[in-house]
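Q: Please read through the structure below; I'll follow up with questions.
Throughout, read-outs are computed from the coordinates displayed, never taken from laboratory work. In this text the structure is predicted, and so the values were computed from the model without any measurement. Don't worry about glycine lacking a Cβ; one is built from the backbone with ideal geometry, like all the others, and counts go over all protein chains shown.
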Amino acid sequence: MGKKKSAALIALITIVLVGLLFICITPTFPVKSPNSFRSLLSIVDLGRDLDGGYYTVYYPEGVISKSEYETLKADYDYVAENTSEGETPSVEDPAENYVAYKSIYLSEEIAAESGGVTEEFAQSFARALRGVQLRFEQRGLSDYSLRVQDDYTIRVEIPKLDHDDADAEALAQNMFELFSYSGELRFTDAHAANEAGTAEMDGSDGNIRSATTEDAGDQGYAVVINFTSAGRAAFRDLTSALTSSDSATSATVYLYAGDNQLLGATVTGTLDQSSVYLTGGYTQAAAETMATLINSCASADDVFELSFEEPEYYSMDALMGNSAALVAAAAIGVLVVAMIVFSLVKFKGFGLAHAYGFVTYAIAVIACISLIPAVQVTMGGIVAILVASAIMVSCNYYAFNNIKKEFASGKTLTASVKAGYKKSLGFTIDVHAILVLASLALWLIVTGPAKFASLVFLLCIAASAVCTLLVTRFYFYMFSAQPKNKIAFAGFKREETEDE
């Protein structure tokens, strides 16, 4: 490579890397507006441990919290005190209708005389627990928690689904509410759950193959319902029955889950198609939540009949502290600077090439974790990034040391570089191949935070492989074309021996 070409490439690549680093890590400007600049790091989705989230507690019908019981009791006592002697208070005494159980209260209808609940309620709760857990699992959240409290309530914690606090709160409320719905799916023209529709179609008996989402452009995201052959025929008959009369030019078809209306759509004629697209200004997250609920209710095996009270939701701080993400980013920054300084001191020109290679690797990693929707970074993901980064650094150092040994054996610098990289090639490829396959296997097998930490590791290892095997070596050839004394640039020197 000629000096002019090398100088041009160095200038161009330096400008590009500085620009990309600015886009990746520069903090959001203090003045916020809809058009304000946000770095890629500022839009990385973080888990509950680093950024907090929201939680709710699902109370089955017939189960109330201690605070709700105390409120009912206080209301009754107030009414009783202001009721004339001989008259019956206008509200019932909750002590006559509820039984204390741990930190909750059970209604007499579900409480067993021997303590606990009736067998029928226990079975209904177990089925509902499986159904709710399946919904949150299928939603694809990288970090969530679902556990049973007091034996008969369900506590769910989820991370923020949007960087805007107001949107994140609305999305959390929507998810908690939708995932508490019970009952089978049905299509009908009835506007209210207790109305009798002109025609209906069951959505939970094998008529729906799946529900997915699709970008609808200016209309946001659409929920796509894909029918089986039987479902297509049933939906055709439904829309035909609703629009075939002379007076009916159009009709609104509603989709219900039990008694809860999910969505509605206007039809103007018979629809004979394998998929229907339902738009309503959904964001991607809201559309995915709706599709997950439809998929859950479309399978009769996953439907449950136990009703839950309308859930209340609450915000929660980051499990590791509100400054955990900032501290982690600062610590990683310090480690990176220390590593680059060490590389420059120890390996000279190779260290410079390594520094550029690592910056390229870091930009690729930041782009992946911020722009790929499926990635959400938890502390496990940070550990995965650190391990993958250490592997990249180690592989480069291994190659540099092999080059140094080859040069010490008497070879020219060019021959030493070729021989050193050749000697390191097998080890570097084996390490990255094994780790790529291992992380891919984990991503396919495990669930929850471990699944998405393995995805982060997979992306980082892939970036490490490219930057170690190709990018860093290219950078060294680019830089080594400039100095006259290439051996000194590489930090090498010959050992002279005296003849005796």
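Q: How long is the gain from Ala488 to Lys66 if the chain were fully straight, where each residue apart is worth 0.36 nm and the alpha carbon distance is subtracted? The partial results should precede the final answer.
A: Details: separation 422, 0.36 × 422 = 151.92 nm, distance 7.66 nm.
Here the answer is 144.3 nm.
Q: Length gain on complete extension for the stretch Ala390 to Thr212, per 0.36 nm per residue less the alpha carbon to alpha carbon distance?
A: Numbers: separation 178, 0.36 × 178 = 64.08 nm, distance 3.89 nm.
Full extension from Ala390 to Thr212 adds 60.2 nm.
Q: Give the shape of the stretch 155-237 as rounded, prolate or oblate, defined through the alpha-carbon gyration tensor: a ≥ b ≥ c are the square roots of its eigenvalues, a/c under 1.5 means rounded, and otherwise the shape is prolate if a/b is larger than b/c and oblate if not.
A: Working: a/c = 2.21, a/b = 1.67, b/c = 1.32.
Verdict is prolate for the stretch 155-237.
Q: What would the Debye formula give as log10 I(q)/I(0) at q = 0.09, 0.12, 0.13 Å⁻¹ for the alpha-carbon point model of the chain, no solvent?
A: With one equal scatterer per Cα and no solvent, log10 I(q)/I(0) is -0.82, -1.13, -1.23.
Q: If you average over every viewing direction, what projected area does the convex hull of the Cα atoms of the stretch 17-142 give, in nm²?
A: Working: hull surface 60.3 nm².
Orientation-averaged projected area of the Cα hull: 15.1 nm².
Q: Additional query: Between Val148 and Thr412, what is the spin-label point distance in nm, taking each point 7 Å from the Cα along the Cα→C-beta axis?
A: With each label placed 7 Å out from Cα toward Cβ, I get 7.5 nm.
Q: Moving on to the next point. Taking K and R as +1 and D and E as -1, what net charge do the other residues with C-beta under 15 Å from the C-beta of Val267 add up to? Each step should come with its number before you reach the end.
A: Working: positive: Arg232, Arg236; negative: Asp189, Glu200, Asp237, Asp272.
Around Val267, the surrounding residues sum to -2.
Q: Would you mind getting me the FRET efficiency between Ala122 and Val446? Use the beta-carbon distance for r and R0 = 41 Å, nearest 0.05. Please list the in-between numbers first.
A: Details: r = 30 Å, r/R0 = 0.74.
The pair Ala122/Val446 has a calculated efficiency of 0.85.
Q: Could I ask something else about it? On a full-extension model of 0.36 nm per residue, what is the gain between His191 and Leu470, subtracting their alpha-carbon distance, rounded to one decimal in nm? Show your work: numbers first, answer last.
A: On the way: separation 279, 0.36 × 279 = 100.44 nm, distance 6.25 nm.
Residue separation times 0.36 nm, minus the Cα-Cα distance, leaves 94.2 nm.
Q: At each listed q (0.12, 0.15, 0.18, 0.19 Å⁻¹), what is the log10 of I(q)/I(0) that the Debye formula gives for the stretch 172-287 modelled as equal alpha-carbon point scatterers?
A: -0.43, -0.68, -0.99, -1.10
Q: In addition: Compute the Cα gyration tensor for the stretch 53-316, then decide on rounded, prolate or oblate, letting a ≥ b ≥ c be the square roots of its eigenvalues: rounded whenever a/c is under 1.5, prolate when a/b is larger than b/c in the other cases, and oblate in all that remain. All intermediate terms of the calculation are to be shown ahead of the outcome.
A: Values: a/c = 2.09, a/b = 1.66, b/c = 1.26.
Since a/c reaches 1.5 and a/b is larger than b/c, the shape of the stretch 53-316 is classed as prolate.
Q: Shifting gears a bit: What FRET efficiency, computed as 1/(1 + (r/R0)^6) with R0 = 41 Å and r the Cβ-Cβ distance, is obtained for Thr198 and Met316, rounded to the nearest 0.05? Walk me through the intermediate numbers first.
A: Numbers: r = 46 Å, r/R0 = 1.12.
About 0.35, to the nearest 0.05.
Q: Which of the DSSP-defined H helices in the chain satisfy a minimum axial length of 18 Å, computed from C-alpha atoms, and a minimum mean Kyte-Doolittle hydropathy of 0.0?
A: Numbers: long enough: 3-25 (32 Å, 2.04); 66-81 (22 Å, -1.19); 119-138 (29 Å, -0.51); 165-178 (20 Å, -0.11); 229-243 (21 Å, 0.11); 284-298 (21 Å, 0.60); 324-347 (34 Å, 2.52); 349-371 (33 Å, 1.66); 379-408 (43 Å, 0.95); 413-445 (47 Å, 1.19); 449-466 (26 Å, 1.91).
Both cut-offs are met by 3-25, 229-243, 284-298, 324-347, 349-371, 379-408, 413-445, 449-466.
Q: Next question, about the same structure. Take the Cβ-Cβ distance between Phe427 and Asp237 as r, set R0 to 45 Å, and report the resulting FRET efficiency rounded to the nearest 0.05. Don't skip to the answer; put the middle values down first.
A: On the way: r = 65 Å, r/R0 = 1.45.
So the FRET efficiency works out to roughly 0.10.
Q: In straight Cα distance, which lysines are under 24 Å from Lys160, not counting same-chain residues fewer than 8 positions off?
A: Answer for Lys160, where 24 Å is the Cα cut-off: Lys32, Lys451, listed by chain and number.
Q: Hey, what number do you get for the chain at 222 nm if only DSSP H runs of n ≥ 4 count, each worth -39500 (n - 2.57), divided across all residues, to the nearest 500?
A: Working: 15 runs with 253 residues, N = 500.
It comes out at -17000 deg cm²/dmol, rounded to the nearest 500.
Q: Once you put a point 7 Å from the Cα of Ile332 and another 7 Å from the Cα of His163, both along the Cβ direction, what distance in nm separates them?
A: 1.5 nm
Q: Take Gln173 and Asn82, extend 7 Å from each Cα along the Cα→Cβ direction, and tell me the distance between the two endpoints in nm.
A: It works out to 3.0 nm between the two label points.
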